[in-house]
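First comes the structure, then the notes that go with it.
Read the figures in this text as sums done on the coordinates, not as results from a lab. For clarity, every value in this text was computed on a predicted model and none was experimentally measured. Cβ coordinates were reconstructed from backbone atoms using ideal geometry, including for glycine residues, and neighbour counts include every protein chain displayed.
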């Protein structure tokens, strides 16, 4: 198609595992041995691994495409190939126009330079001209909210200020193709929202965005289409919500088929007294039952359950050890069933249950299952957020309108700014 | 080769900013700041004076003023040459976060390393001009050799910086080898003495491509004589060839930088 901005065709990328010669002392013997054995040694081939295999997809102008996949699926490798940091072992990549990567937004920073100097430095590294930077300087600083500290060396910045300045520069480059990797986790909630808005503005401005994130809800907000990667191969290309569903499903199917693990969590269900259930009311009792099976003997285990919200943010976790259950030992082909009961003081929303089998007293996981179960909470209308803190209004006092116009106006606007409070009195 | 140069021209702003960063960072948070740029060449020139003074005492030959100025004229470019290579060798490893995380033409790093040292040479040049004014060295048409001689020296330093920077990215040993070579190179280069000291063996010394350039500088600037044409052309040819070779080699291994660093 004429308006294809980015085309990845049959791309493979090979890496070598382990350490390779970083000093001549290692190289010389290695060269000698390969000389005598002739050709490539088998050992070398065993140490190679393919981070990407035959990856192909294309992106149209103005499109936002997400890349989804577990750890080690090859997401970052793809971005590194797209920026030109690395070259593919096979296949071709064609990008039309200026590529800007919001990958390591602070990589170009120099600790000893001031914020102002770093804006110029980083802007130039990301491909802006000095004139462009000068023109947008105030905008960049205002976006980061660092007007007061711009002449302070960045080594005195907090990590949040540091990252915000980095993102702000990167966000003002006006690229043809913007690559974003897991950076929206910087800054507070307001800054993250500003970032998403900025990305949407970049897309609306006709730029193309490639977005890599584990925060799937954010990814779904920005991208219409996504690519699902699994162990370096493209599993699916399609509308983002379908790809996200396929991604979750793949995780569960893998588990059932996985015969290599010595011990395995086989089933996680949520229920109440009457049986399995996925919808709960705030304040009710949530039952979680976990089944596990051992293929070989495992001593000293502890079972951890964790509840995360839809952004994968941990809300709560507990384990058999902390609940006084002691160490769990399973012999081969023995099964385990644990049932937990939780007071569900959560506000309304969707939550996931993660389950882990750890070695007792350490965090070494034998088995981990993320998003093993999903449940919904119907919360009370008066509380929003993650937790239900059971709010009660104990006083609502509006002062007498005696001291002039100014005061009474302020009193009027105060209930309006917190609608919940005014609502509960009517 | 042309591609590489074209890419550099396209990224000249970045080259400028990175060079500016190197200069800026070097003198940040130091009490004397930019004064260091003047002090370092002064120290080298002073060392040269002492050596020449000792020479003349031992050999019994009287010390001419032109001897002292020619030491100054040779010592400052030599200091630049050594610093440029030392700094250039480490530049890619020092910028590893940029090499592995953001794409920029990597040639920028060794070149800006050389350019930032050039800044010090310019300042040293001012100091030397003052010395020459005080010693009434005078000027002549031979000064027109200056651009060619200095340009060739810069080209040679850049070529070596490019080569060693890539080599030390793959093999950290290179850094130590270069360090040793640079420490002892002053004995094989006519900086504190003249190649004529060696009589018929002088060509051995002049085979070091830096030597004819330094001697040429001294003769053009201090003695107002035309530099030895065959030797200067030899050096210029060496510099140009090395530069082309370095550029080619660098381009060839550049794709493997990010995964090998």
Q | Part-to-part distance (alpha-carbon centres) for region A:84-143 and region A:153-167, which is given in Å | A | 15 Å
Q.
For region B:43-127, take N as its residue count and report Rg(C-alpha) divided by 2.2 N^0.38 Å.
A. 1.54
Q.
Shape verdict for region B:1-73, please, from the Cα gyration tensor: rounded (a/c under 1.5), prolate (a/b greater than b/c) or oblate.
A. oblate
(Q) Taking 22 Å as R0, compute the FRET efficiency from the Cβ-Cβ separation of residue A:176 and residue A:237 and round it to 0.05. (A) 0.55
Q. Given the convex hull over the Cα atoms of region A:73-145, what projected area results after averaging over all orientations, in nm²?
A. 6.6 nm²
Q) When the helices in chain B are scored as -39500 (n - 2.57) per DSSP H run of 4 or longer and the sum is shared across all residues, what 222 nm value do you end up with, to the nearest 500 deg cm²/dmol? A) -25000 deg cm²/dmol
Q.
What are the extents of the Cα atoms of region B:1-159 along their three principal axes, in Å, largest first?
A. 61, 38, 26
**Q.** Kirkwood hydrodynamic radius (C-alpha pairs) into Stokes-Einstein, region B:105-163, 4 °C and 1.567 mPa s, D in µm²/s
**A.** 98 µm²/s
**Q.** Tail beyond 15 Å, pair distance distribution of region A:122-169 (Cα, percent)
**A.** 42 percent
Q. By how many nm would the segment from residue B:39 to residue B:61 grow when fully extended, if each residue of separation counts as 0.36 nm and the alpha-carbon distance is taken off?
A. 4.9 nm
(Q) Looking at the calculated P(r) for the protein assembly as shown, what percent of the C-alpha pair distances fall above 42 Å? (A) 48 percent
Q) Taking other Cβ within 10 Å of each residue's Cβ, how do A:12, A:195, B:238 sort, fewest first? A) A:12, B:238, A:195
(Q) Test of understanding: express the Cα radius of gyration of region B:1-42 as a ratio to 2.2 N^0.38 Å, with N the residue count. (A) 1.65
Q: Decide, for region A:285-347, between rounded, prolate and oblate: order the square roots of the alpha carbon gyration tensor eigenvalues as a ≥ b ≥ c, take rounded if a/c falls under 1.5, and otherwise choose prolate if a/b is larger than b/c, else oblate.
A: prolate
Q: Determine, for A:67, A:288, the number of other Cβ atoms within 10 Å of each Cβ, and report the residues in order from fewest to most.
A: A:288, A:67
Q: May I have the pair-distance distribution P(r) for region B:220-261, computed from all Cα-Cα distances with 5 Å bins from 0 and rounded to whole percent?
A: 5, 18, 13, 15, 12, 10, 9, 7, 7, 4, 1
Q.
Under the 0.36 nm per residue contour assumption, what length would be gained going from the current alpha-carbon distance of residue A:359 and residue A:261 to full extension?
A. 33.8 nm
Q: Compute the relative contact order of region B:52-183 as a whole-number percentage, counting only Cα pairs closer than 8 Å that sit 6 or more residues apart in sequence.
A: 38 percent
Q.
Counting only other chains, and only Cβ atoms inside 10 Å, what mean value do you get across the residues of B:13-19?
A. 5
**Q.** Globularity ratio of region A:255-399, using Cα Rg and 2.2 N^0.38 Å
**A.** 1.22
Q. Quick one: if you stick a label point 7 Å off each Cα along the C-beta vector at residue A:299 and residue A:151, how many nm between them?
A. 6.7 nm
Q | Shape category assigned to region B:177-239 from the gyration tensor of Cα positions, a/c cut at 1.5 | A | prolate
Q) How would you rank B:30, A:284, B:235, A:100, going from fewest to most other Cβ atoms within 10 Å of each one's own Cβ? A) B:30, A:284, A:100, B:235
Q: Give the Kirkwood hydrodynamic radius (Å, one decimal) of region B:130-261, defined as one over the mean of 1/r across all pairs of different Cα atoms.
A: 16.6 Å
(Q) Over region A:51-98, what portion of Cα pair distances is larger than 13 Å, expressed as a whole percent? (A) 62 percent
